[in-house]
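Note sheet for the following structure.
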Amino acid sequence: MQKIRTRFAPSPTGYMHIGNLRTALYSYLVTKHNNGDFILRIEDTDRQREVAGAIDIIYDVLNDTGLNYDEGPLKPGDVGPYIQSKRLEIYQKYAHKLVELKAAHYCFCSETKLKDAHNNTYTFNDPCKSLSIDEAKKRIANGETYTIRQTIPNTGTTTFNDTVYGTIETENKLLDEGILLKSNGYPTYNFANVIDDHLMKITHVVRGNEYLSSTPKYNLIYKAFNWEPPVYIHVPPVMKDEQNKLSKRNGDASYQDLIKQGFLSEAIINYIALLGWAPVGEEEIFSLEELVKIFSVDRISKSPAIFDYEKLKWMNGVYLRNMSLEQFNNYALNYYQDNLKADINYIELSKILQPRIQI
Ligand code: GLU
């Protein structure tokens, strides 16, 4: 049987969002449950969103949480590079190839024209679609700026099966002909994810369900290249409450914030495993190794999961109370030093605190 390969594909935005970490965890569990490989790919093609030092944060968080990858930027296998900004020539080659296959076209429309077009219609009926490849190539040779856009058939439907959400059928005319390659030669996510997942031999794509609606477009690209699409496992969002997604931008805690507040990495991993997946039975405390053994994709839920801070506190307390006094003391030392300035007998304080502690 073919070895399973999954990937975690974060964008280096400066912090590890809890939802992203949960996606990384599920991706890791899906593959490790089947003795497969876990690949780290850095998706840094959106230069505006990039934050200095953010890639190191990704490495540190994966290291701290024990989500060890088999291949990635610091551990290259034979399908690298594993950082998208180092793969630009690959995307460019495949984007031009897609034009030859008539599943994409050169587009010379200006930003303003595009904005107007988008205001009028949901999909963008690009006038450049009617240009012949030769005409377009002449304009490119004359130095005109261009992008490469996906060409979507006006008729028919695209159907695919998602492991969690079931069969999804979309009318092609509802899919937008988005940019695949920008005028600066960078790919968009919508293109790079397909090229990389194929070339990196990813068999199972685990990602947030916000990508469900774009997946038919990706499948049209796979089809044009005559490539086999991966197995899709879209996972439900992590919410702050019934209406709002958990988001660092709204001031919600990231992994690093939780660590600063005194939560243990093991407790965070244990807790987020339950955000959108349910084990069989009542037990809720699991180490990462145990999760690898018991994880099964068919128990991932379709419904959004609500992040319950109080429950995480409870779970953290279980982990803290299970520590030896020495472990607890070592762990708490940094926290004491940051938070308590007075000259305190830490060992005595640990003895008092540990049995009571929640966080
Ligand atoms: N870079 C994308 C993100 O951070 C990854 C999505 C995916 O896993 O395909 O949302």
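Miscellaneous remarks
- Computed [θ] at 222 nm, helices only, for the chain once each DSSP H run of length n ≥ 4 contributes -39500 (n - 2.57): -11500 deg cm²/dmol
- Whole-number D in µm²/s for segment 265-324 (Stokes-Einstein; Kirkwood sum over Cα pairs; 25 °C, 0.890 mPa s): 201 µm²/s
- Between residue 33 and residue 59, the distance separating the two model label sites (each 7 Å from Cα on the Cα→Cβ line) works out to 3.1 nm.
- P(r) for segment 178-276, from all Cα pairs and a bin width of 5 Å, is 2, 10, 16, 17, 14, 14, 14, 9, 4, 1, 0 %, short bins first.
- Distance from segment 186-208 to segment 9-77 (C-alpha centre basis), Å: 14 Å
- Inter-label distance, residue 140 to residue 261: 5.1 nm, where each label sits 7 Å from its Cα along the C-beta direction.
- For the chain, taking a cut-off of 4.7 Å between Cβ atoms, the unpaired cysteines are 109.
- Cα-only Debye scattering, segment 45-102: base-10 log of I(q)/I(0) at q = 0.26 Å⁻¹: -1.11
- The slack between residue 293 and residue 222, meaning 0.36 nm per residue of separation minus the straight C-alpha distance, is 22.3 nm.
- Under-5 Å amide H pairs with residue 162, H placed in peptide plane, nonlocal only: 167, 168
- When each of 315, 1, 200 is scored by the number of other beta-carbon atoms lying within 10 Å, the sequence from fewest to most is 1, 200, 315.
- Segment 231-276 - convex hull of the alpha-carbon atoms, volume per residue in Å³: 109 Å³
- Reach of residue 240 by Cα under 16 Å, taken over lysines that are not fewer than 8 positions away in the same chain: 248, 311, 313
- Highest mean first, the peptides 140-146, 57-63 sorted by other C-beta atoms within 10 Å per residue fall in the order 57-63, 140-146.
- Within segment 74-90: backbone nitrogen closer than 20 Å to the residue 3 label point (7 Å, Cα to C-beta): 74-83
- Proximal lysines relative to residue 129, as straight alpha-carbon distance under 23 Å, when same-chain residues fewer than 8 apart are discounted: 93, 97, 102, 113, 115, 137, 138, 173, 182, 217, 223
- Extension gain, residue 130-residue 213: 0.36 nm per intervening residue step, less the Cα-Cα distance, totals 27.2 nm.
- The shape of segment 194-348 can be summarised by an equivalent ellipsoid whose semi-axes, obtained from the alpha carbon gyration tensor, come to 38, 18, 16 Å from longest to shortest.
- Cα point-scatterer Debye curve for the chain, base-10 log of I(q)/I(0) at q = 0.07, 0.10, 0.12, 0.16 Å⁻¹: -0.37, -0.70, -0.95, -1.48
- Gaussian network model of the chain, Cα within-10 Å springs - most flexible of 279, 127, 12: 127
- Among beta bridges from DSSP that stay inside the chain, the antiparallel ones total about 50%.
- Global size of segment 74-228: 16.1, 49 Å for Rg and Dmax (C-alpha atoms, Rg to one decimal, Dmax whole).
- Candidate cross-link partners of residue 32 among the lysines, defined by an alpha-carbon separation under 21 Å and a same-chain spacing of 8 or more, comprise 3, 75, 201, 293.
- Based on Cα atoms of segment 1-98, Rg over Rh with Rh as the Kirkwood radius reads 0.99.
FYI, it's all coordinate maths here, none of it is from the lab. All values derive from a computational prediction rather than experimental measurement. Because the Cβ atoms are built from the backbone with ideal geometry, glycine has one as well, and the counts that use them run over all protein chains shown.
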